[in-house]
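Step one of this worksheet: look at the structure below.
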Amino acid sequence: MLFLGLLLIAGTAAFTALAISDNLSGGAGQTVSVLGHDIATLGPLALFCSGLALALIFCLGMAMAAGGVAHHRRPHRKHRRTAAGPTVGTRA
């Protein structure tokens, strides 16, 4: 979980940084390009919605990373046998 969360965080951060740095020219219809490849032509509302989607994916990555850290730090319970012995799979 921790690794997948960090992977999502890094991926969305890198994609957002590349998309912003490659598309600094303004205009009504933006052609979004990353590393010289045109991905789509988006209007202002579509750009806003794609930013929201990237923010949600980033937050999902943060939640997964936090969950992975919390799971890693949680003390593990050891299974104990009772005095009667194992009861799983036996019939009385």
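The values are calculated or read from the model by the stated rules, or taken from the named source; none is laboratory data. Not measured: the values here are computed from a predicted model. Methodologically, a virtual Cβ is constructed for each residue, glycine included, from the backbone with ideal geometry; neighbour enumeration extends over all protein chains shown.
Run Leu56 past the list (1) at pLDDT 75 or above; (2) surrounded by 13 or more Cβ atoms within 10 Å (Cβ to Cβ) and report the number of the one that doesn't hold.
(2)
Under 9 Å by Cβ, and 6 or more places apart or on different chains, what pairs join a residue from the stretch 38-65 that is among the hydroxyl-bearing types (Ser, Thr, Tyr) with one that is assigned to a helix (DSSP H, G or I)?
Correct list of pairs: Ser50/Ala19.
Restricting attention to the stretch 67-82, report how many residues are over 17 Å from Gly11 (Cβ atoms) and either in contact with a helix residue (DSSP H, G or I) (Cβ under 9 Å, 6 or more places away or on another chain) or at pLDDT 85 or above (or both).
Count: 4.
Of the residues that make up the stretch 33-53, is at least one in contact with a Leu (Cβ under 6 Å, 6 or more places away or on another chain), surrounded by 10 or more Cβ atoms within 10 Å (Cβ to Cβ) and modelled with pLDDT under 75?
yes
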